[in-house]
1. Under a plain spin-label model, where a point goes 7 Å from the Cα along Cα-to-Cβ, how far apart in nm are I45 and L108?
2. Sort 70-78, 98-106, 30-38 by the packing proxy (mean of other Cβ within 10 Å over each peptide's residues), most packed first.
3. Spelling out what I want: for every residue of region 105-121, take phi, set θ = phi - 60°, compute 6.51 cos²θ - 1.76 cosθ + 1.60 (Karplus), and round to whole Hz; glycine and proline get x.
4. Report in % the part of the accessible area of region 31-134 that belongs to carbon and sulfur, leaving out ligands and nucleic acids; probe 1.4 Å.
5. Per residue, what accessible area does region 39-112 have, given a 1.4 Å probe and all protein chains present, in Å²?
6. Going 7 Å from the Cα of Q123 toward and past its Cβ, which residues in region 67-92 have a backbone nitrogen under 16 Å from where you end up?
7. Using 0.36 nm per residue, how much length does the chain from K130 to S91 gain when fully extended, once their Cα-Cα distance is taken away?
Amino acid sequence: MRIIYLVLAFGLVSSQAAADRVISGVVAVSTGPMHAKHDRGKQAIGRELSAGDNVFLNDEVSTGEKTKAQVMLRDESVFSLAPRSQVVFDSFIYDPNGQENVLEANLLTGGLRFVSGKIADRQPQNVIIKAGSA
């Protein structure tokens with residue numbers, strides 16, 4: 001039942017301002033406050049996140065002091081975020097029938113656990129997870 005909900009959530013756009021942005025995934029689970037921000041020109045735009053909300057390409061997603069969360073991408077990759085974590089989804093191209101799929105994410109602070117999805121199954125060299133200078 002939960003998987004059906006997540007698939008339906010990918011088709012939703014939460015606001016008109018987000019309508020022109022590419023959806024990368026959805027917040028599957030959140031135990032507390034989460035935020036997302038992105039740069040639009042010279043201005044950073046932020047929003048609160050909760051379970052069921054879309055995550056867009058180039059969003060910087062952050063968890064609160066005690067918040068644990070999971071973000072599920074369209075290829076079924078799962079990022080489990082620790083409290084006080086920040087991750088940016090730098091590049092995400094997923095076409096189930098496409099030849100070139102890419103996933104790049106950058107952990108800025110905190111910690112995460114990554115469970116690979118379909119991109120890693122088909123093109124593991126196209127999955128890059130950066131963690132600070134590591």
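The values are calculated or read from the model by the stated rules, or taken from the named source; none is laboratory data. These numbers were taken from a predicted model, which means no experiment stands behind them. For neighbour counting, all protein chains shown are included, and Cβ atoms are generated from backbone atoms with ideal geometry for every residue, glycine included. We work out accessible area using only protein heavy atoms, side chains counted, and drop any ligands, DNA or RNA first. Shrake-Rupley method; radii C 1.70, N 1.55, O 1.52, S 1.80 Å.
1. 1.7 nm
2. Packing proxy ranking, top to bottom: 70-78, 30-38, 98-106.
3. Each residue of region 105-121 in turn: 9, 10, 7, 7, 8, x, x, 8, 10, 10, 10, 5, x, 5, 4, 5, 5 Hz.
4. The value for region 31-134 is 48 percent carbon and sulfur by accessible area.
5. 50 Å²
6. 74-77, 90-92
7. Between K130 and S91, full extension yields an extra 12.8 nm.
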